[in-house]
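The values are calculated or read from the model by the stated rules, or taken from the named source; none is laboratory data. Since we're looking at a predicted model, the values are computed, not measured. Don't worry about glycine lacking a Cβ; one is built from the backbone with ideal geometry, like all the others, and counts go over all protein chains shown. We work out accessible area using only protein heavy atoms, side chains counted, and drop any ligands, DNA or RNA first. Shrake-Rupley method; radii C 1.70, N 1.55, O 1.52, S 1.80 Å.
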Amino acid sequence: MTTYRDRAEAGRVLADRLTGLIGEPDVSVLGLVRGGVPVAQVVAERLGGPLDVLVIRKLGMPWAREVAFGALGPGGVQVLNEQVAGRLSSEDIAETRRREQAELERREQLYRAGRPPLDLTGRTAVIVDDGLATGATARAAVEVARRLGARRVVVAVPVGSQEAYEMLAAEADQVICAQHPPEFMAVSAYYDDFHEVSDEEVTETLRATA
């Protein structure tokens, strides 16, 4: 098992897999908020493309929020893992959705302050996260990017489960995953430093790359 020192190192390793996009016009690098933003920052610098953020909220099981049964994105996009969501009542799903929708709107307002709405018309969207567990968040991100007009959607992650990798390969135009071990553990297991990325870290990154 290969571990990364931190998200910046993971971004450098991932950027090495994306060098084919260097010099391509109309490439936008989108960090999934929040943990994907430090990874995406390194990728955007290497590719020479603009950095933006994509706010997706995971819908977690009420008794184990780290286990996703789906995800929400801007514009009313909702993706459900029917197999997992089938274990919940409609009330549990509705309550979780209300809570996460409110947080999604808060973050959109915070991160987009002074920035135009995300427009991917005719662009190649490179969606970057710090890892794939269930893949629900990235799957929602792919759908959001397409609705925002992206002509091509690439998902790029430093590590992911084989199941999530295969699912996204059927959804995105391309999936770049630096490693997808057959016996996948939590994403955090592949990092020495996996601190929770704060709102302040995201906003500072966006200001620095504006």
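With Val154, Val144, Val126 as the choices, which residue is surrounded by 14 or more Cβ atoms within 10 Å (Cβ to Cβ), part of a helix (DSSP H, G or I) and hydrophobic (A, V, I, L, M, F, W, C)?
Val144
Checking Lys58 against (1) outside any helix (DSSP H, G or I); (2) open to solvent by 20 Å² or more (accessible area, probe 1.4 Å); (3) modelled with pLDDT of 95 or more; (4) not acidic (Asp, Glu), which test does it fail?
(3)
Taking the stated definitions as given, is Ile93 out of contact with any Ser or Thr (no Cβ under 7 Å at 6 or more places or on another chain) and loosely packed, with under 15 Cβ neighbours inside 10 Å?
no
Looking at segment 36-53, can you tell me whether even one residue there is farther than 20 Å from His180 by Cα, modelled with pLDDT under 95, touching a helix residue (DSSP H, G or I) at 6+ places or on another chain (Cβ under 9 Å) and open to solvent by less than 10 Å² (accessible area, probe 1.4 Å)?
yes
What number of residues in segment 4-31 are outside any helix (DSSP H, G or I), touching a helix residue (DSSP H, G or I) at 6+ places or on another chain (Cβ under 6 Å) and either open to solvent by less than 40 Å² (accessible area, probe 1.4 Å) or touching a residue at least 40 places away in the same chain (Cβ under 8 Å) (or both)?
Of the residues in that region, 4 qualify.
Among the candidates Leu110, Leu206, which residue alone is open to solvent by 60 Å² or more (accessible area, probe 1.4 Å) and touching a residue at least 24 places away in the same chain (Cβ under 8 Å)?
Checking each option against the conditions leaves just Leu110.
For segment 58-74, does any single residue satisfy the condition of being touching a Ser or Thr at 6+ places or on another chain (Cβ under 9 Å), without any contact (Cβ under 8 Å) to a residue 12 or more places away in the chain and over 21 Å from Leu148 (Cβ atoms)?
Yes.
Just a yes or no: is a residue in segment 161-173 closer than 23 Å to Arg207 by Cα, open to solvent by less than 60 Å² (accessible area, probe 1.4 Å) and hydroxyl-bearing (Ser, Thr, Tyr)?
Looking through segment 161-173, none of the residues is closer than 23 Å to Arg207 by Cα, open to solvent by less than 60 Å² (accessible area, probe 1.4 Å) and hydroxyl-bearing (Ser, Thr, Tyr).
Could you check segment 162-175 and list, in sequence order, the residues that are under 16 Å from Val187 (Cα atoms) and either out of contact with any Pro (no Cβ under 8 Å at 6 or more places or on another chain) or without any contact (Cβ under 8 Å) to a residue 12 or more places away in the chain (or both)?
Glu163, Ala164, Tyr165 - these are the residues of segment 162-175 that are under 16 Å from Val187 (Cα atoms) and either out of contact with any Pro (no Cβ under 8 Å at 6 or more places or on another chain) or without any contact (Cβ under 8 Å) to a residue 12 or more places away in the chain (or both).
Checking Gln109 against (1) at positive phi; (2) out of contact with any Asp or Glu (no Cβ under 8 Å at 6 or more places or on another chain); (3) not basic (Lys, Arg), which test does it fail?
Condition not satisfied by Gln109: (1).
Taking segment 165-210, which residues are among the aliphatic types (A, V, I, L, M) and outside any helix (DSSP H, G or I)?
Within segment 165-210, Ala170, Ala172, Val175, Ile176, Ala178, Met185, Ala186, Val197, Ala210 meet the criteria.
Going through Val77, Val84 one at a time, which residue ends up being of a type in the set (A, V, I, L, M, F, W, C), open to solvent by less than 10 Å² (accessible area, probe 1.4 Å), over 13 Å from the mean Cα position of the chain (by Cα) and over 25 Å from His195 (Cα atoms)?
The conditions single out Val77.
Given the options Ala136, Ala186, name the one that is open to solvent by less than 20 Å² (accessible area, probe 1.4 Å) and either touching a residue at least 12 places away in the same chain (Cβ under 8 Å) or among the basic types (Lys, Arg) (or both).
Among Ala136, Ala186, only Ala136 is open to solvent by less than 20 Å² (accessible area, probe 1.4 Å) and either touching a residue at least 12 places away in the same chain (Cβ under 8 Å) or among the basic types (Lys, Arg) (or both).
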